[in-house]
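The structure appears below as structure tokens.
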Amino acid sequence: MQKFLTQYYTFAILNLLNIIKGVFTLSLKHGLLGLVSSEGSITGYELNKIFKTSLNYIWHAKTSQIYRELNAMESFGWLVSERIVQQEKPNKKAYSITAEGKEELIKWILSSDIKPGNEMKNPLLMRIFLAGEAEEEGRNQTIKLLREYKKYCKAYIANLYNAIEGIELESLDEKKSKYTKYWKITALSGLASAQSQIKWAEKAIAILEEEI
């Protein structure tokens, strides 16, 4: 039992170090503010769609959370909305950033806070950490989970490459070109993290297979 736990401690700690390096404080409000600022005027539906193909790689948020944050930011005076009447479709609401919102966004961007955030919740790692309690079955299941995790990371990498291609196209747009280099940097960070996770999973599998 002790040998099993020692193995799980080893690669749980290795993975945790990767998480600590890669997770920094991020406000969903500020992420949304940045998107609204770059788009000029945008509906909640359009914003949600863009978020899911951009910031969703570094911050997961449900659609309901996004709309809740939009309402909150409007009440703060960071956003202003305009009701757009449509004849054959439901009316929609478009958001624009205010001077106060822009000031808050720039203040946040220029802040020097890079302390780890509070999003270090990983159910996979928790299961692995305790897998020694199930002895042989725990080891077999952990190997299976790690192999599935590798597939997940590879699919994630493929999506990121698609995102980077999209960013390259956006860079041709004169209005977007000043943003795209920063978008690419964040996408590359996600790419490096996913590649690192694959290496970690391979090392973890090798540790467990030593006993088979």
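The values are calculated or read from the model by the stated rules, or taken from the named source; none is laboratory data. This one's a predicted model, so the numbers in the text were calculated from it and none came from an experiment. Backbone-built Cβ (ideal geometry, glycine too); neighbour counts: all protein chains shown.
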**OP:** Starting from the stretch 100-111, keep only residues that are assigned to a helix (DSSP H, G or I) and surrounded by 12 or more Cβ atoms within 10 Å (Cβ to Cβ), then list their pairs with residues that are at pLDDT 90 or above and small (Gly, Ala, Ser) whose Cβ atoms are within a distance under 9 Å, requiring at least 6 positions of separation or different chains.
**Re:** Glu100/Gly77; Gly101/Gly77
Subject >> Arg127 being modelled with pLDDT under 85, among the basic types (Lys, Arg) and over 18 Å from the mean Cα position of the chain (by Cα) >> reply: yes
Original post:
Which pairs do you get when a residue that is without any contact (Cβ under 8 Å) to a residue 12 or more places away in the chain and under 24 Å from Trp59 (Cβ atoms), found in the stretch 171-187, comes within reach of a residue that is surrounded by 11 or more Cβ atoms within 10 Å (Cβ to Cβ) and aliphatic (A, V, I, L, M), reach meaning Cβ atoms under 9 angstrom, with the pair 6+ apart or on two chains?
Top reply: Lys181/Ile167
Original post:
How many residues are surrounded by fewer than 19 Cβ atoms within 10 Å (Cβ to Cβ) and either farther than 30 Å from Leu172 by Cα or β-branched (Val, Ile, Thr) (or both) when one looks only at the stretch 184-197?
Top reply: 3
Subject >> Sole exception among (1) on the phi > 0 side of the Ramachandran plot; (2) loosely packed, with under 12 Cβ neighbours inside 10 Å for Gly77, by number >> reply: (2)
Subject >> Residue in the stretch 155-175 that is modelled with the highest pLDDT, counting only those that are outside any helix (DSSP H, G or I) and more than 17 Å from Thr186 (Cβ to Cβ) >> reply: Leu172
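What do you reckon, is Ala194 within 19 Å of Lys144 (Cβ to Cβ) and in contact with a Cys (Cβ under 9 Å, 6 or more places away or on another chain)?
Here the answer is no, as Ala194 does not meet what is asked.
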Original post:
Would it be correct to say that Leu145 is closer than 21 Å to Ile50 by Cβ and either part of a helix (DSSP H, G or I) or touching a strand residue (DSSP E or B) at 6+ places or on another chain (Cβ under 6 Å) (or both)?
Top reply: no
**OP:** Enumerate the pairs (first residue in the stretch 133-152 and on the phi > 0 side of the Ramachandran plot and at pLDDT below 90; second residue anywhere and aromatic (Phe, Trp, Tyr) and surrounded by 12 or more Cβ atoms within 10 Å (Cβ to Cβ)) with beta-carbon separation below 8 Å, excluding pairs fewer than 6 apart on the same chain, so at least 6 apart or on different chains.
**Re:** Glu135/Phe4
